[in-house]
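Novice: The structure is given below, and queries will be raised subsequently.
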Amino acid sequence: MQLSAITDEISQDFEHALDVLLEYGAKGAELRGLWGTNIADLSKEQVTRAQTALKVRGMYVVGLATPFYKCDLTAGVNATSGAMHLASERDITDQSELLERCFRLADSFDTNLIRVFTFWRKEEYTAEIEARIIESFAAPVAAAERAGMILGLENEHACFVGTGAEAARVAAAVNSPNLKIVWDPGNAFFADEVPFPGGYEAVRPWVTHVHIKDGRMIETPDQGRRPQWCIVGQGEIDYVGQFAALKRDGYAGAISLETHYVPTTGTGEGGKGIPEDGSRPCLAALRELIDRP
């Protein structure tokens with residue numbers, strides 16, 4: 001297993017984020033936001049700068065965390081229902097062009113993994129909607145086959161496919177070696193699934209990449225009981241069991257931190273917490289889980 005992180009979980013200063021990763025023995029980087037720009041919108045000059053930053057540090061890209069299909073399932077509607085991470089809003093009719101651009105960017109960064117989604121979850125997830133989602137992947141998967149790319153379907157709680165069980169059904173129905181699963185136990189937890197062992201056992205045949213974040217349920221005076229992000233290992237997800245299972249199954253891909261956890265206090269202006277303050281203890285925890293016999 002290779003320790004990695006979505007770099008903007010550390011900092012929008014791409015070079016600094018890479019330096020932090022190196023401190024924890026990580027050579028892989030997942031790209032989403034660089035210098036305040038989403039990966040899908042990088043300029044040619046920014047791509048060159050990023051390539052140089054990686055090369056001089058002896059690092060590589062494990063995948064592109066793109067916003068593909070983070071849109072409404074219905075044409076003409078594009079009201080955002082979740083985090084876009086600097087990405088431009090795009091209608092479903094603009095997604096093909098977006099995907100082709102991401103393929104070109106992946107070539108530039110010598111990776112073949114494109115993280116994708118399954119549309120904003122604005123209504124009940126029905127069998128009819130699932131069928132539409134499966135159908136919507138026919139053309140992108142064909143394009144990925146032609147380009148030699150892998151579409152990594154992430155289970156995302158803000159999108160229709162939020163759990164491992166849901167992701168597994170879609171992957172099985174699409175049935176292509178060019179559609180795999182980006183397994184995110186934290187997102188499954190937020191979608192009310194027990195990530196391990198249940199969620200993982202569902203997605204296990206298709207896992208090509210792993211995102212890590214941890215969470216726990218808290219009581220709030222205004223919202224009642226709700227999930228909250230926290231340092232990896234301090235939440236309710238069984239990561240000891242999850243990592244033991246990944247090792248048992250011979251998983252050799254990236255373990256990519258996407259913590260979302262930012263402490264209230266830290267090294268930021270006025271003593272406020274910043275993403276790096278949350279990512280550092282999480283990277284240390286992941287390092288220990290990966291290295292554990």
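Just so it is clear, none of the values below were taken in a lab; they were calculated from the coordinates. Computed from a predicted model, the values in this text were never measured in an experiment. Every residue, glycine as well, gets a Cβ built from its backbone with ideal geometry; the counts of neighbours run over all protein chains shown.
Novice: Can you list the residues, at least 5 places off or on another chain, whose amide H is less than 5 Å from the amide H of I150, using H built in the peptide plane?
Specialist: L113, I114
Novice: Something else: Add +1 for every Lys or Arg and -1 for every Asp or Glu among the other residues with Cβ under 14 Å from the Cβ of I134, and state the total.
Specialist: On the way: positive: R132, R169; negative: E128, E130, E135, E166.
Spelling it out: positives minus negatives among the neighbours equals -2.
Novice: Counting only helical runs of four or more DSSP H residues, what would the 222 nm mean residue ellipticity of the chain come to if each run contributes -39,500 (n - 2.57) and the total is spread over all its residues? Show your work: numbers first, answer last.
Specialist: Details: 10 runs with 105 residues, N = 293.
For the chain, the value works out to -10500 deg cm²/dmol.
Novice: How do Y200, Y125 line up, fewest other C-beta atoms within 10 Å first?
Specialist: Working: Y200 22, Y125 16.
Placing the least packed residue first, the sequence is Y125, Y200.
Novice: Moving to a separate point now. Filter the cross-link list K27/K180; K70/K122; K70/K180 down to pairs whose alpha-carbon distance in this structure exceeds 19 Å.
Specialist: With Cα atoms farther than 19 Å apart: K27/K180.
Novice: From the Cα gyration tensor of region 148-238, with a ≥ b ≥ c the square roots of its eigenvalues, which class applies: rounded if a/c is under 1.5, or else prolate if a/b is larger than b/c, or else oblate?
Specialist: The shape class here is prolate.
Novice: Positive end of the charge dipole of the chain (Lys, Arg +1 and Asp, Glu -1 on Cβ, about the Cα centre): tell me which of A29, W120, Q223 has its Cα farthest that way.
Specialist: A29
Novice: Also: Among the aspartates and glutamates, which have Cα under 16 Å from the Cα of K44 when same-chain residues fewer than 8 positions away are ignored?
Specialist: Leaving aside aspartates and glutamates fewer than 8 places away in the same chain, those within reach of K44 are E100, D107, D110.
Novice: Next up: Have a look at Q46, Q234, Q223 and tell me which one the Gaussian network model of the chain (Cα, springs below 10 Å) gives the largest fluctuation.
Specialist: It is Q223.
Novice: Determine the shape class of the chain: with a ≥ b ≥ c the square roots of the Cα gyration tensor eigenvalues, call it rounded for a/c under 1.5, and otherwise prolate if a/b is greater than b/c, oblate otherwise. If you can, show how the numbers build up before the last one.
Specialist: Values: a/c = 1.31, a/b = 1.10, b/c = 1.19.
Rounded, since a/c falls under 1.5.
Novice: E100 versus I274, label points 7 Å from Cα toward the beta carbon: distance in nm?
Specialist: It works out to 4.0 nm between the two label points.
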